[in-house]
1. Write down the accessible area per residue of the chain in Å², having rolled a 1.4 Å probe over the full set of protein chains.
2. Counting DSSP beta bridges in the chain, what percent are antiparallel, to the nearest 5?
3. From the list [x] 1.11; [y] 1.81; [z] 1.05, can you say which value of Cα Rg over 2.2 N^0.38 Å was derived from the structure given?
4. Arg188's amide H: which non-local residues (gap 5+, or another chain) put their own amide H closer than 5 Å, with H modeled 1.01 Å from N in plane and none for Pro or chain starts?
5. For the peptides 72-80, 59-67, what is the packing order when you average, over each peptide's residues, the other Cβ atoms within 10 Å and list the highest mean first?
6. Accessible area of the chain with a 1.4 Å probe: how many percent of it is carbon plus sulfur?
7. Would you please classify the overall shape of the stretch 3-87 from the alpha carbon gyration tensor, given that a ≥ b ≥ c denote the square roots of the eigenvalues, rounded means a/c under 1.5, and beyond that prolate means a/b larger than b/c while oblate covers the rest?
8. Normalised by the residues of the chain, what does the relative contact order come to in percent, with Cα pairs under 8 Å and at least six apart?
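The values are calculated or read from the model by the stated rules, or taken from the named source; none is laboratory data. Here the structure is a predicted model, which means the values were calculated and not measured. Here the Cβ positions follow ideal geometry from the backbone for every residue, glycine too, while neighbour counts run over all protein chains shown. The protein model used for the area step is the full one, side chains on, heavy atoms only, and it has no ligands, DNA or RNA in it. Shrake-Rupley method; radii C 1.70, N 1.55, O 1.52, S 1.80 Å.
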Amino acid sequence: FVGLCGPSGSGKSTLLRLLLRLDDPTEGGVRIDGADVREIHVDELPRVFSRLGQESKLLGRSIEENVLLGAPKNGKDPRDSARHALERAQIPELATDEGLARRFSAAPPNLSGGEQRRVLFARALAQDAKVLVLDEPEAGLPGGQVEAVLRAAVEAAKGKTLFIATHAPDLLASTFNVLLENGRVVDRGTHAELLERSEK
């Protein structure tokens with residue numbers, strides 16, 4: 001579990017774009033399991049990465065369709081897969097038959113901002129990729145919900161590689177943090193190590 005921390009404009013989203021191969025580096029490279037991501041065929045990328053971005057949106061479809069958008073057809077009951085993803089995203093009230101059938105409306109919105117982010121998180125989980133990438137999953141959430149969403153992300157991503165870019169490093173329980181500033185890595189280590197060094 002890697003936390004990418006730093007102020008706006010420090011390079012967190014750019015680093016994630018390189019990881020996801022939305023951009024290619026002009027120098028160096030990005031490796032997954034020892035392989036340069038540029039060597040992974042574009043059709044295979046959805047099996048490697050799933051992503052919740054700042055700009056991710058729900059569509060005017062049922063909750064089930066929103067969650068299963070991009071999910072692999074692996075022989076499992078799709079409805080069960082959607083239920084499981086919603087439960088792991090800590091929004092079980094939408095994992096019922098009625099909840100799954102509910103059609104999302106953006107105007108007027110029929111889900112709160114926190115509920116929308118959790119459904120989007122469930123979509124990322126349902127893709128069942130090896131690497132889960134969350135770009136500021138707390139974006140647009142009231143302060144009281146940020147910790148709960150980050151905690152749900154960590155719990156649900158067990159067994160996967162997890163990258164979270166966030167403005168709230170104090171809420172991360174990451175095994176490794178990367179601190180960015182002005183497009184450069186200025187420090188790295190556990191939260192406790194970074195905190196100790198910043199106090200010196």
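1. Accessible area per residue: 55 Å².
2. 35
3. Computed from these coordinates, Cα Rg over 2.2 N^0.38 Å corresponds to label [z].
4. Excluding prolines and chain starts, which carry no amide H, the hits are Leu179.
5. Ranking, from highest mean packing down: 59-67, 72-80.
6. Using a 1.4 Å probe with all protein chains present, the chain comes out at 50 percent carbon and sulfur.
7. Cα axes put the stretch 3-87 in the oblate bin.
8. On the way: 320 pairs, mean separation 66.4, N = 200.
The normalised contact order for the chain reaches 33 percent.
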